[in-house]
Each structure stands twice: as C-alpha cells, then as structure tokens.
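Everything on this sheet refers to the single structure shown next.
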Amino acid sequence: MTYKTIFGSLSKYEKGHIDIIDDDAKHYVFSNMFEVANKSQPWEKVAVGINQEYVLEAIRAEGKSGWFTCDHDETVLCMDGSVRIDYVKLDKPLAQSGKGGSIAVNGDPVGKKMGHVVLQQGHQALLPKGSAYSFTAKTTGVLLQQTIVGDLTKQRWAQICLS
Amino acid sequence: MTTAHASEVNTSGPNEFGYNNYALGNFSFRRDEYFAHVTWPTGSHTISIDDFLRALQRDCAWDFFYGTVNFDHVVGTINHYGNVDLFAGRFNAAFRKAEIDYLQNFETPVIRNTFHTMLDNWTNSTFDPFASPAETQAPWGNKSGSNTEAVTRRRVAAQRMVGVQGDEQIRSDATGHPINRMFEDVPQSEPEVHAEPGFESEIAAFNLFAYLSRSNVTWNPSVVSVCKESLYCPTTEEYILPIVHGNDRVEWFIQLSDEITWDVADRETGSPRAKVVMKAGDCAAMPADIRHQGFSSKRSMLLVWENNSADLPDLIASGKAPQYPVTF
C-alpha cells in the first residue's frame, strides 16, 4: 500500500474541529496556522500557542523582512514556502540583557556576516542569541517561530480561535 | 501514604511462565502468557500484556513524564520530580467513591529500577513496545528471550537544536534510521547551510520532517530544540497513545502532518469533556486539568510543545497560575 502524507500550506489546508461534550471550546485555544497566516500581514508575528512567557508565532513569509535580534536562542520552522535567512553577529547587542522575545533592528545591523541558510517546507533553523537575522521569502509561505512573548508578538485569540 | 526508599529491586525467580514476579512497596506485579496482574492491599487489576508493556515502556523512557501516566482507567503513576506515586484507582471516580483506591509514594530511583527491570524481563525477543502494532510481533506466550536494545533506546534530548555542532545529530540510513513505510513520500532534502568561518556552531538548520520520517518509535516525544524552558518535543504517532496522559501543566499540540483525534476527559474523574480533531497546521492546548489519549490512523507528525519549568505544577495546583493558557 502506498501512503500519502498530508502537510498543510497557505493554499491548501483543512482545519480540524472540537466536539464539545462538557467543556468550553475556548479552553483549547484551537487555531490553524495557515488560516492565521492567510489573514496576516507579511512578517506579522501572530501567537498561535502560549504557555506562560513562551510563545509560538505564525508568520506570513512574503517578500523581504526587516532585521530582528534577540537575547536568547529562538528557532524557526518553515511550514510552507521557501525562505532565506541571513545572519549578522552584532558588534554590540541591541536586545536588552534578559529581555524576552525578538525586537526589530533599526536599519541594517552592524557586525560581521555569519552566513545564511535556505529553508524549504519542514526545515528548522536556529536563530542564535545575539545575532541579527532577516528573512527573504523565495516563495510566499508560513514560518513557526519558537520564542518568548515580546514587543512584536500579536495576540488576537478571539479572532483566530474556535469558540 | 507511605514512602519507600530502598532502591533494590524486589523480585522472585521465574514463575511457571518464565517471567519474574515483582514487589514494589505494597504493590505486586505478575505476568502470565496474556496478562499483567497488579495487586495492592485493597484490590487487584488485570491488564492485557501488550497494553501494559506499551504503557510501561513510555513511563520508563519518559522517566515518568509530566504529571500523570495512566496505564488504563485504574493503574498509573504521578511524577513529583524526585519521587513518584504509584496508584490504583486514584483517578477513577468509582474507586474513589468506594474508597478502595490506593497510592504509595516512591523515591524515583526505587520505582525506576523496578519498572526498568520488569520491562526488560517481561518483553520477549520479538516484541517492541515502542513500535506500532503493525511493525512488531505479539508479546504473548511464555518467556522467550529478551529485547533489551529496543526497550532501552536512548531518548533524544537536544541542548539547543538537532543539527547544531556538538548537539544531537540528524538521522539517516547510516545511523540506523530508515524512512518509515508511511513516510516514504516525505522529501529528504536538507536545508542549505552556509556558515562563514568561525560561525559553524551558530548557523545551523535541519529537515525536521525528514528527521521525523525516520523515527523508529511511536508516541515518544523527544526534544529537538530549546528556547530556555520551551521545549519542542515532536513525535510520530500511529494507532493509539498507549497511556492516558493526565496534565499537571498546559501542554500544546501542533499537528505537523496528517490527523490525530484526541479524547479529552476530566483529569480527576475521567468524565469525557471533548473530542479534538487535529489536522495539519492545527494548534491546540491541552489544559492543565484534563487527561487525553490520541488516535492516529495513519502515522502522523505531532509537535508536542512543553514548558519545562519546574515551578509550574505547584503554581497551577495552588491556583497561582491558570489551568488554561489564555482567556479571551
């Protein structure tokens, strides 16, 4: 037998559902990242998971992003499309020590080029502490970022979740 | 409640079926050709040996995991991170009402040693408790060899991310991880990684989907990336989660591929609360006051996302942190 593995994408996804027996659907904070990204502006960091200070952000990858930096490791998982990530080792850290989440870098970062990666669907990359990084979407897609709630995190649970 | 300290394993020689019997505090365990029999001062319980070994395998591999591992509707463990409760009927409303539930606390090394020894002794050579039922033979019958290599697999626990220099490495045929029969269509290309000299340990990427397509176990979350206490613990799922997991904190599921149905019930009573059907791209929280069991017809990829903070269980139990991740 030949099996077909089903992944989602911006253009093709099917959202699941909750059958409530004795509960409130809101307790499950149920959303679909492709649906969220379809309604997002490019590079908006929309929370689709939150656990105390930690967050998962769905990002619509389209065109070229600005530069970001962070005081802790983050990761990004490409769920659809293709994206290049460029890295710069900042001469001087821009994120305040101990601050959670990523912040925007004004203009181009000052520092040494660290390299770049190119991700396709299913690829995950490290966004190392103290680096600046920017994304260039080769094709429009969706990224899932593992980080901490920060200034750029957008929480719009009532709009994105089943209730 | 009593606490047992002795770390030696209390076991008999082989019984008439060739398996050792075990005593752990006031609990005793015996296996025959088809069943595991568990006995405690106020009762006893019988579990099909395939279900028991699959549950025991997860409890051992996860070192009692987060919160409650219900082997079924009667027997299970509660992790207190340093010590563990072994219980019978603790989360069964009828047992509680009849006041025949029983619980004994053990320092973790005590119960760990007994469980690991029992798992190894009770698993025959042709049965792999981590495999899907379609990929292993049955556990029935008299004692017939052992499968120590299968039941003592090392659990992956990345420090930063799989693929980073010095951290957990990617899977391949060469590492003994062939592509699973249900994931043969998953692209295996690795990302382009171009690190400037001196930054080879910082610029890293890997193909998570290919990595998961080569997993040789089911229902076994293992850490592939870390952001402080935020842990990505993806896993591949086929058939039924062999335990019913009772949460002591909020846990998140991100469905990466295919579909899983979750039966969700009240953590304390087992009363059904919801059925959650998740498809690729879906994100859902499992609240801190529920138990859940998953069903996956086709092998699927699930990202289990955990907050590993040691403070969370007490904060939630004391009401200082909410049972639900967010209100809206």
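Derivation of every value follows stated rules applied to the coordinates shown; laboratory data play no part. In this text the structure is predicted, and so the values were computed from the model without any measurement. Every residue, glycine as well, gets a Cβ built from its backbone with ideal geometry; the counts of neighbours run over all protein chains shown.
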Taking the convex hull of Cα positions in region B:247-328, its mean projected area over all directions (nm²): 5.8 nm²
In degrees, nearest ten, helix B:49-61 long axis to first principal axis of chain B (Cα): 60 degrees
Within chain B, longest stretch clear of exposed trypsin sites (Lys or Arg not before Pro) (DSSP loop, no more than 10 other Cβ within 10 Å): B:155-319
Sites matching trypsin sites (Lys or Arg not before Pro) across region A:15-54 that sit in DSSP coil, with at most 16 neighbouring C-beta atoms within 10 Å: A:39
Spherically averaged projected area of region B:178-259 from its Cα convex hull (nm²): 7.4 nm²
Rg and Dmax [Cα atoms of region B:16-141; Å; Rg one decimal, Dmax integer]: 14.1, 42
GNM flexibility winner over chain B from B:198, B:13, B:67 (Cα, springs under 10 Å): B:198
Cα centroid separation - region A:7-55 against region B:69-89, whole Å: 32 Å
Which of A:33, A:79 has the fewest Cβ neighbours within 10 Å, and the rest in rising order: A:79, A:33
Exposed-site-free run, longest, chain B (rule: GluC sites (Glu not before Pro); DSSP loop; at most 14 other C-beta within 10 Å): B:201-328
Chain B - convex hull of the alpha-carbon atoms, volume per residue in Å³: 156 Å³
Most fluctuating residue given options B:78, B:260, B:47, as computed from a GNM of chain B linking Cα atoms under 10 Å: B:47
Degrees, to the nearest 10: B:108-122 long Cα axis against longest axis of chain B: 90 degrees
Nitroxide proxy distance, nm - points 7 Å out along Cα→Cβ at residue B:155 and residue A:1: 3.1 nm
Förster-model FRET efficiency, 22 Å R0, residue A:38 and residue B:328, C-beta, rounded to 0.05: 0.65
Ranked B:17, B:35, B:71, B:52, criterion: other C-beta atoms within 10 Å, fewest first: B:17, B:35, B:71, B:52
Rounded, prolate or oblate (a/c below 1.5 giving rounded, otherwise prolate when a/b exceeds b/c) for region A:28-154 by Cα gyration tensor: oblate
Residue with peak Gaussian network fluctuation, chain B [Cα springs, cutoff 10 Å], from B:318, B:271, B:213: B:318
log10 of Debye I(q)/I(0), alpha-carbon scatterers only, for the protein assembly as shown at 0.06, 0.09, 0.12 Å⁻¹: -0.28, -0.63, -1.07
